Amino acid sequence: MKGLAGKRVVVTGGTSGIGAATAQRFREEGCDVVVLARTPGPGVIPCDVSDRAQVEAAFARIDAPDVLIANAGVSLRSRAADISAEQWDQVIATNLSGAFWTAQAAAYREVVLRRFAQFGLDVRDRIVTEQLITPADLEARTGGWRGALYGELFDSPWVAFRRPTSRAGDIPALYLAGGTTHPGGGVPMVMLSGKLAAEAITADLRSTS
């Protein structure tokens, strides 16, 4: 962790356990540490990460972080058969959605764009329009519970024919890869999807050069 002095670090759930130890370790390296947590404490910004509005309000008080540790989580010490629907909903809201809300609020978009730039694909000055789609948006559009990747009928006999191909048909120079594109889900298929997209990009570049 050397070389982080002066960096701004945000740690969620940083008032106890692993989160507190993580926050302290960053402080020892000279970092400016901000803790978001439901438990009050010195230097803590009150925030329940399962509540998107609270996350956005908390990050509105923080300058853009260099490091985000999405540590906040709920752990149920019960048998699976004894967990209620309400308890499970809280686990998903905190451990899954909460991690997404914090990453989104921390301007993860910029992190992704910087990563592209490191590989020679700096598109920040070329973006004409953009759209952020969240799990909540996917649920509203498709009916997929909590924005599930495969929606309601991932095993439908028609799903193979409805997957988009490597090239987006309506937007030039847009290529698609992932579990919901051709040829399908699962790690081997997703890797093949990336290969097909790369081949399509290479072929199109050659045809225009």
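It is to be established whether one or more residues within the stretch 58-76 are assigned to a helix (DSSP H, G or I) and in contact (Cβ under 8 Å) with a residue 12 or more places away in the chain. Even if it seems obvious, please write down each step before you answer.
Residues of the stretch 58-76 assigned to a helix (DSSP H, G or I): 58-59.
Narrowing the set further to residues that are in contact (Cβ under 8 Å) with a residue 12 or more places away in the chain leaves 58-59.
Checked the stretch 58-76: at least one residue is assigned to a helix (DSSP H, G or I) and in contact (Cβ under 8 Å) with a residue 12 or more places away in the chain.
Would you point out which residue out of Leu96, Leu76 is in contact with a helix residue (DSSP H, G or I) (Cβ under 7 Å, 6 or more places away or on another chain), outside the structural domain of Glu139 (by TED's automatic domain parsing), surrounded by 12 or more Cβ atoms within 10 Å (Cβ to Cβ) and closer than 28 Å to Glu139 by Cβ?
Answer to the selection: Leu76.
Identify, from the list Arg162, Arg146, the residue that is touching an Asp or Glu at 6+ places or on another chain (Cβ under 9 Å), surrounded by fewer than 14 Cβ atoms within 10 Å (Cβ to Cβ) and modelled with pLDDT under 85.
The match here is Arg146.
Against the condition at pLDDT 90 or above and hydroxyl-bearing (Ser, Thr, Tyr), how does Ser75 come out, does it pass?
no
Filtering the stretch 1-49 down to residues that are in a strand (DSSP E or B) and free of Cβ contacts under 8 Å to residues at least 24 places away in the same chain, which residue is surrounded by the most Cβ atoms within 10 Å (Cβ to Cβ)?
Among them, the one singled out is Ile45.
Which members of the stretch 182-209 meet the condition of being under 26 Å from the mean Cα position of the chain (by Cα), aliphatic (A, V, I, L, M) and surrounded by 12 or more Cβ atoms within 10 Å (Cβ to Cβ)? Talk me through it step by step, then tell me what you get.
Taking the stretch 182-209 as the starting set, the residues that turn out to be under 26 Å from the mean Cα position of the chain (by Cα) are 182-198, 201.
Restricting the remaining residues to those that are aliphatic (A, V, I, L, M) gives 187, 189-192, 196-198, 201.
Matches in the stretch 182-209: Met189, Val190, Leu192, Leu196, Ala197, Ala198, Ile201.
Which of the residues belonging to the stretch 50-73 are crowded, with 18+ Cβ neighbours inside 10 Å, in contact with a strand residue (DSSP E or B) (Cβ under 6 Å, 6 or more places away or on another chain) and not polar (S, T, N, Q)?
Within the stretch 50-73, Ala58, Pro65, Leu68, Ile69, Ala70, Ala72 qualify.
I'd like the full set of residues that are polar (S, T, N, Q) and either touching a Cys at 6+ places or on another chain (Cβ under 6 Å) or not assigned by TED's automatic domain parsing to the domain that holds Pro65 (or both), limited to the stretch 21-48. Full working, then the answer.
Going through the stretch 21-48, the residues polar (S, T, N, Q) turn out to be 22, 24, 39.
The answer is none; no residue qualifies.
The values are calculated or read from the model by the stated rules, or taken from the named source; none is laboratory data. Predicted, not measured: the structure shown is a model, and the values here were computed from it. Here Cβ is always computed from backbone atoms with ideal geometry, including for glycine, and neighbour counts include all displayed protein chains.
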